[in-house]
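Asks: Input: one structure, supplied below.
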Amino acid sequence: MSSTQPVLTARYPATAKGPGGSLGRRRLRGPELRWAIAFVLPYAALFLAFVVYPFGYALWMAGRPALYAELMSDPLYLSTVVNTVLFVAVGVNVKMFLALLLSGFFLRRRWWIKALLVPFILPWLIATAQACVSFHWMLIDQRGLLDGLLSALFGIDGPIWFNDRGLAFGWNVAAYIWKWLPFWTVIFIAARMTIPRDVYDAAEVDGATGVRRFAHVTFPLLANLYLICTLVSTLWMLGDFTTVYLVSGGAPALSTEVLATLGYHYAFETAKPALGMAAVMSALPVLIPVAIVLMRRLQTNEVQL
Amino acid sequence: MSAAALPGRPARRRYRLRRTVVEAGSIGLGIALLIWSLLPVYNMFLVALDPEEGEIEFDGNIWPSDPSLDGFRDVVTQEARYLEDFWHQLGNSLYIGLFTMALTVLVGSLASFAVGRMRLSKASLLTNAALLTYAIPASLLIVPYYAIMHTYGLSDNLWAVIAAQVTFATPFAVLILQLYSNLVPFEFDDAARVDGASVPQIYLRIYLPLMTPALAVVAIYALLLAWNDYLYQAVLLSVRNMTVSMTQGQLFEDVDAPWNAMMAAGILYMLPPVALLFALRRYVVASLTIASVKG
């Protein structure tokens with residue numbers, strides 16, 4: 001990997017430019033070097049003590065091949081892998097695409113749309129655990145709010161949501177999207193606001209409006225950001241524990257677990273920490289490529305609008 | 001094009017019709033979004049405003065038939081089960097949140113100052129380390145964390161959670177601060193050096209004041225990360241050091257928990273981040289713009 005170049009700083013030569021003799025260009029010597037090292041030291045110590053060591057420990061714990069044989073023979077593990085793939089694939093893509101579309105909606109010049117942004121952002125501000133518990137109670141069979149609404153408005157008896165694998169899984173995804181859609185929408189709103197007005201004016205002269213403007217002007221300009229956000233979101237969602245743990249709790253009968261909750265289940269509920277670690281580590285083959293693509297994108301890309 | 005430039009009557013009517021459809025569509029979308037965003041929040045209030053303990057909260061009610069503030073009162077006076085120490089729990093949450101915030105800002109700004117402003121050689125190593133940590137989902141490391149915190153003598157200690165949160169918040173801090181610091185001209189540093197300022201003086205008097213907006217965003221990020229955390233607190237802490245977030249874990253342990261009070265506690269718990277975000281909203285908007293353009 002060509003990672004020897006100064007990351008991030010190299011991307012903005014124009015702004016970071018000082019005269020030849022500036023502090024930034026000279027080699028550090030004497031007291032300055034010592035200060036620089038002292039300044040980096042806390043972070044380096046943190047990294048060694050709380051990233052390198054636990055990660056090494058995890059690899060050592062999950063290193064025995066027998067663990068993976070045990071995982072493979074466990075039908076719970078296999079169904080969990082399927083769940084995790086679906087959870088992340090559906091959740092990330094639906095959420096990012098909705099966020100992209102909604103960012104356009106929120107930029108419409110109407111006072112009530114601006115006002116709507118406040119309640120829309122609220123889910124992002126509510127602590128995850130409390131929000132997930134609220135979802136859980138809302139969906140708790142006939143006594144929950146949602147079935148109450150269904151019977152009051154349409155006179156139908158709602159399903160017992162957590163008795164059905166598909167429905168319970170769907171609500172896990174929905175709760176996660178509910179929590180994180182505002183955050184990504186705001187990111188895209190900010191990005192769209194930086195697109196200069198004259199780009200749109202020029203497009204309009206060329207006859208690109210509506211859907212065509214979105215497809216040929218807005219989206220290409222945001223494509224790189226969209227990709228980076230999708231990758232970041234994939235990593236976050238892959239590591240999400242709270243939503244599944246508190247919304248469906250794996251119900252019915254552990255059939256909606258994802259890797260993060262299964263690892264917890266093995267490690268802390270059935271007291272098999274090594275197996276839990278191995279279950280989680282089996283996400284690495286997906287995690288590493290995503291992380292590498294993300295790092296490359298963040299390092300080398302001139303993200304310019 | 002020429003037809004659009006000189007709209008005739010049918011074209012104008014079609015235009016007006018399209019406008020009406022778009023308006024109606026966006027109003028419909030707005031209402032749907034409002035319901036979608038507020039339904040779970042409404043449900044929190046519905047549960048919290050119920051007068052009785054026990055299962056009565058969940059009765060298919062879609063309206064608080066007999067709203068009362070009993071839940072809130074029980075929280076504030078610490079009379080509800082699991083919330084006998086509510087103020088202590090909130091204190092623990094605040095302790096974790098504020099120290100995570102302060103340490104993230106400190107460690108992150110020191111590191112990114114050394115890397116970005118002093119151009120320490122081999123600096124890429126550090127930013128790569130930050131990127132790598134950013135890419136590891138925190139929850140995947142919970143099992144080894146449980147073990148190593150024991151080794152470090154931090155089992156059942158609030159500092160174990162703080163250490164974990166700072167570890168996972170600092171990479172974002174370093175990345176954002178790096179991006180932002182490149183927008184600040186180096187001439188300031190040079191001028192200060194010519195005047196004989198030492199490195200810590202440049203850091204304190206020039207770097208930190210100029211970086212305030214980015215530091216505010218890092219602070220909010222770190223606080224929200226700690227505030228939103230459930231897993232690390234639930235695993236690394238015991239009942240003795242309970243936090244507000246952990247109380248929600250009673251969900252599957254005890255169905256008969258006083259959920260009106262627990263939800264009331266949840267509603268109170270969401271006030272500090274809202275207040276903080278409101279106070280710092282100017283910085284948030286500014287830095288989100290930077291983050292999205294550059295990142």
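The values are calculated or read from the model by the stated rules, or taken from the named source; none is laboratory data. None of the values given here were measured: they were computed from a predicted structure. Here the Cβ is made from the backbone with ideal geometry for all residues, glycine too, and neighbour counts use every protein chain on show.
Asks: Is it the case that some residue within region B:136-143 is more than 9 Å from chain A (Cβ to nearest Cβ), under 29 Å from A:Leu238 (Cα atoms) and in contact (Cβ under 8 Å) with a residue 12 or more places away in the chain?
Replies: There is no residue in region B:136-143 that is more than 9 Å from chain A (Cβ to nearest Cβ), under 29 Å from A:Leu238 (Cα atoms) and in contact (Cβ under 8 Å) with a residue 12 or more places away in the chain.
Asks: Scanning region B:98-135 for residues that are without any contact (Cβ under 8 Å) to a residue 40 or more places away in the chain and touching a Ser or Thr at 6+ places or on another chain (Cβ under 8 Å), which turns out farthest from A:Ala45 (Cα to Cα)?
Replies: Among residues in region B:98-135 that are without any contact (Cβ under 8 Å) to a residue 40 or more places away in the chain and touching a Ser or Thr at 6+ places or on another chain (Cβ under 8 Å), the one farthest from A:Ala45 (Cα to Cα) is B:Arg119.
Asks: Of B:Gln248, B:Gln233, which residue is modelled with pLDDT of 90 or more, on the phi < 0 side of the Ramachandran plot and part of a helix (DSSP H, G or I)?
Replies: It is B:Gln233.
Asks: Okay, next question. Select, from A:Val52, A:Val94, A:Val82, the only residue that is more than 30 Å from A:Trp124 (Cβ to Cβ), surrounded by fewer than 17 Cβ atoms within 10 Å (Cβ to Cβ) and hydrophobic (A, V, I, L, M, F, W, C).
Replies: A:Val52
Asks: Taking B:Val105 as the residue in question, decide whether it is at pLDDT 90 or above, surrounded by 14 or more Cβ atoms within 10 Å (Cβ to Cβ) and more than 11 Å from chain A (Cβ to nearest Cβ).
Replies: Judged against the criteria, B:Val105 is a match.
Asks: Has region A:194-201 got any residue that is hydrophobic (A, V, I, L, M, F, W, C) and touching a Phe, Trp or Tyr at 6+ places or on another chain (Cβ under 9 Å)?
Replies: No, because not a single residue in region A:194-201 is hydrophobic (A, V, I, L, M, F, W, C) and touching a Phe, Trp or Tyr at 6+ places or on another chain (Cβ under 9 Å).
Asks: Now a separate question. In the set B:Glu23, B:Glu57, B:Glu52, which member is out of contact with any helix residue (DSSP H, G or I) (no Cβ under 6 Å at 6 or more places or on another chain), at pLDDT below 85 and outside the structural domain of B:Thr170 (by TED's automatic domain parsing)?
Replies: Testing whether each residue is out of contact with any helix residue (DSSP H, G or I) (no Cβ under 6 Å at 6 or more places or on another chain), at pLDDT below 85 and outside the structural domain of B:Thr170 (by TED's automatic domain parsing) leaves just B:Glu52.
Asks: With respect to the numbered conditions (1) in contact (Cβ under 8 Å) with a residue 12 or more places away in the chain; (2) more than 8 Å from every other protein chain (Cβ to nearest Cβ); (3) among the hydrophobic types (A, V, I, L, M, F, W, C), which one is the sole condition not fulfilled by A:Leu150?
Replies: Checking A:Leu150 against (1) in contact (Cβ under 8 Å) with a residue 12 or more places away in the chain; (2) more than 8 Å from every other protein chain (Cβ to nearest Cβ); (3) among the hydrophobic types (A, V, I, L, M, F, W, C), the one that fails is (1).
Asks: With the checklist (1) more than 20 Å from B:Leu231 (Cβ to Cβ); (2) crowded, with 23+ Cβ neighbours inside 10 Å in hand, flag the one item A:Ala175 doesn't pass.
Replies: (1)
Asks: Look through A:Gln142, A:Gln130 and report the one residue that is closer than 25 Å to A:Thr185 by Cβ and within 10 Å of chain B (Cβ to nearest Cβ).
Replies: A:Gln130
Asks: Let me ask you something else. Taking B:Ser121 and the conditions (1) within 26 Å of A:His136 (Cβ to Cβ); (2) within 13 Å of chain A (Cβ to nearest Cβ); (3) of a type in the set (Ser, Thr, Tyr), which numbered condition does it fall short on, given that it satisfies the others?
Replies: (1)
Asks: Note down all Cβ pairs under 6 Å where the first residue falls in region B:168-187 and is assigned by TED's automatic domain parsing to the domain that holds B:Leu110, the second is among the aliphatic types (A, V, I, L, M) and part of a loop (DSSP other than H, G, I, E, B), and they're at least six residues apart or on different chains.
Replies: Listed pairs, sorted by first residue: B:Gln178/A:Leu8; B:Asn182/A:Ala16.
Asks: Something else about it: For region A:162-248, which fully contained helices (runs of 4 or more DSSP H) count at least 1 residues that are within 22 Å of A:Arg108 (Cα to Cα) and not β-branched (Val, Ile, Thr)?
Replies: Those helices (runs of 4 or more DSSP H) span A:165-193, A:197-205, A:210-213, A:219-238.
Asks: Follow-up. Whether any residue in region A:99-117 is surrounded by 15 or more Cβ atoms within 10 Å (Cβ to Cβ), under 21 Å from the mean Cα position of the chain (by Cα) and away from every other protein chain (no Cβ under 11 Å) is what I want to check.
Replies: yes
Asks: While we're on this one: For region B:226-253: of the residues being touching a residue at least 24 places away in the same chain (Cβ under 8 Å) and surrounded by fewer than 20 Cβ atoms within 10 Å (Cβ to Cβ), which is nearest to the other protein chains (Cβ to nearest Cβ)?
Replies: Once the filter is applied, the top-ranked residue is B:Gln250.
Asks: Could you identify the single residue in B:Leu223, B:Leu271, B:Leu276 that is in contact (Cβ under 8 Å) with a residue 40 or more places away in the chain, surrounded by fewer than 24 Cβ atoms within 10 Å (Cβ to Cβ) and of a type in the set (A, V, I, L, M, F, W, C)?
Replies: B:Leu276
Asks: If I ask for residues that are of a type in the set (A, V, I, L, M, F, W, C), touching a residue at least 24 places away in the same chain (Cβ under 8 Å) and over 23 Å from B:Leu237 (Cβ atoms), which ones from region A:237-271 would you list?
Replies: A:Met237, A:Leu238, A:Ala251, A:Leu254, A:Val258, A:Leu259
Asks: Something else: Report yes if some residue within region A:267-276 is in the same structural domain as A:Ser134 (by TED's automatic domain parsing), within 20 Å of the chain's Cα centre (by Cα) and not hydroxyl-bearing (Ser, Thr, Tyr); otherwise report no.
Replies: Among the residues of region A:267-276, not one is in the same structural domain as A:Ser134 (by TED's automatic domain parsing), within 20 Å of the chain's Cα centre (by Cα) and not hydroxyl-bearing (Ser, Thr, Tyr), which makes the answer no.
Asks: Applying the selection to region B:191-217, what residues are within 14 Å of chain A (Cβ to nearest Cβ), surrounded by fewer than 20 Cβ atoms within 10 Å (Cβ to Cβ) and in contact (Cβ under 8 Å) with a residue 24 or more places away in the chain?
Replies: Answer for region B:191-217, where residues must be within 14 Å of chain A (Cβ to nearest Cβ), surrounded by fewer than 20 Cβ atoms within 10 Å (Cβ to Cβ) and in contact (Cβ under 8 Å) with a residue 24 or more places away in the chain: B:Leu208, B:Leu210, B:Pro213.
Asks: Given the criterion out of contact with any Ser or Thr (no Cβ under 6 Å at 6 or more places or on another chain), in contact (Cβ under 8 Å) with a residue 12 or more places away in the chain and more than 27 Å from A:Ala279 (Cβ to Cβ), identify the matching residue among A:Phe87, A:Phe97, A:Phe120, A:Phe106.
Replies: A:Phe106
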